[in-house]
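Notes for the one structure printed next.
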Ligand code: HEC
């Protein structure tokens, strides 16, 4: 295998990506200064404000026969089709708020199959104007009153490899980090995130499985299992912002002698603030601490992380979504005079299933300070948004 060649390409690509980082930061700074009256939805640009009253006419003319007067669905006796298990109930806020307008728009413009949904959902792209489609979406949004202020799906930004987002999720992620140099070692995290009680609260379970090489060959074992509860505090589609806090506990399930765990229970509180700009540029930030119960085995530390990126998709943001980003990661022990370790992580997320409910992310994490004891890592994840249907559905 042409190992040398591929590595050479890797280094060049990496340098190019890193050179792109300052440009991205400039974009972000520009986004702040640029007066954004309305951070337009991640996947939708309105030429003018949508008119829900006009949308009601469209709905009653073209949609009511299947979706019903109330948005739950026309009486089954009147509709001759079998409802798919992803059948939408537009009055169910917890179910509809996480769907960005762009997902709906894609299904309305190109029909159900374009999104791996039922072929019974017709394409209206030739029948309705862009304005009429935006209007009918605005009307359908009104079928759920969102009295509980559930965060809107546009604020569910592309998942970064390390920085945790603010949006409460319903997904399963399998994420692997492998050392890029030195003795082979890797950790695979199996992460389950699900909303509990309402669409603003999320329970997270993270089970890491470690592999490492020793003198006697391979060794493997479970690491410290994390349980965390995240709560969205504030979100606004108008400003494009969302803020959450999480309280977590890391159980000492990993064997610390083999380097698989901290050897003590740790508490991990953090806050996440994400900002989406009208150009579909985004910034995700996270600040938190790891607070071990027994500080004689593991010191207290804090971390701060940021991901800046750009979401892009062909077909006016209705096609496959590509999200290049760069993360900046820092940790520091609480001890006086301790130094801060910085890493840079250029990466890419891309949707792989037609329904866009299965996504991949990959990147390269490089220490930039105190590089002697710390390895570069290759990272990769596979994500399944459980709320959008079964893993094996929605590919064709
Ligand atoms: C012939 C019946 C029919 C008509 C007419 C119809 N739909 Fe649908 N629609 C469906 C079906 C069936 C689904 C469910 C697809 C699935 O989940 O596989 C659906 C799903 C949807 C979805 C959800 C897409 C998603 O991302 O989950 C939206 C939004 C939608 N329809 C909007 C409309 C609008 C707007 C109109 C009128 C302009 C309309 N539909 C007319 C049958 C219909």
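Could you calculate the FRET efficiency of residue 368 with residue 78 from 1/(1 + (r/R0)^6), where r is the beta carbon distance between them and R0 is 56 Å, rounded to 0.05? Write out the running numbers ahead of the final one.
On the way: r = 63 Å, r/R0 = 1.13.
Once rounded, the FRET efficiency stands at 0.30.
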Study note, to complete from the structure: One finds the C-alpha centres of the range 293-356 and the range 371-396 to be spaced, in Å, by 13
Review point. Using only helices, what value at 222 nm comes out for the chain when you add -39,500 (n - 2.57) per DSSP H run of length 4 or more and divide by the total residues, to the nearest 500 deg cm²/dmol?
Key: -6000 deg cm²/dmol
Exercise for review: Rank by packing, highest mean first: peptides 133-145, 323-335, 216-228, with packing defined as the count of other Cβ atoms within 10 Å averaged across residues.
Suggested key: 133-145, 323-335, 216-228
Revision key, fill the gap. Going from the fewest other Cβ atoms within 10 Å to the most, one would list 117, 128 as 128, 117
Practice item. Compute the long axis of helix 130-141 from its Cα atoms, compare it with the longest principal axis of the Cα atoms of the chain, and write down the angle in degrees, 0 to 90, nearest 10. Key: 80
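Under 37 °C and 0.692 mPa s, how fast does the range 239-396 diffuse according to Stokes-Einstein, given a Kirkwood radius computed over C-alpha pairs? Answer in µm²/s, whole number.
Values: Rh = 18.1 Å.
Translational diffusion coefficient: 181 µm²/s.
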Exercise for review: Kindly express, to the nearest 10 degrees and within the range 0 to 90, the angle between helix 52-62's C-alpha long axis and the longest C-alpha principal axis of the chain.
Suggested key: 70
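At R0 = 25 Å, how high is the FRET efficiency between residue 149 and residue 60 if r is their beta carbon distance? Nearest 0.05 is fine.
Working: r = 28 Å, r/R0 = 1.13.
Working from the Cβ atoms, E equals 0.35.
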Revision key, fill the gap. Taking N as the residue count of the chain, its alpha carbon Rg divided by 2.2 N^0.38 Å gives 1.07
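What ranking, highest mean first, results for peptides 348-354, 390-396 when packing means the other Cβ atoms within 10 Å averaged over each residue? All intermediate terms of the calculation are to be shown ahead of the outcome.
Details: 348-354: 18.0, 390-396: 12.4.
Ranked by mean Cβ neighbours within 10 Å, highest first: 348-354, 390-396.
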Practice item. Report the extension gain between residue 391 and residue 205 in nm, rounded to one decimal, defined as 0.36 nm multiplied by the number of residues separating them, less their alpha carbon distance. Key: 65.0 nm
Exercise for review: Report, to the nearest 10°, how far helix 101-110 tilts away from the longest principal axis of the Cα atoms in the chain, using its own Cα long axis and a range of 0 to 90°.
Suggested key: 50
Practice item. With a/c under 1.5 counting as rounded, go ahead and sort the range 52-141 into rounded, prolate or oblate using the C-alpha gyration tensor (a ≥ b ≥ c being the square roots of the eigenvalues; past the cut-off, prolate if a/b is larger than b/c, else oblate). Key: rounded
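Every number in this text was worked out from the coordinates using simple rules, so none of it is lab data. Source: prediction; values computed, not measured. A quick note on method: Cβ atoms are made from the backbone with ideal geometry, for glycine too, and the neighbour counts reach across all protein chains shown.
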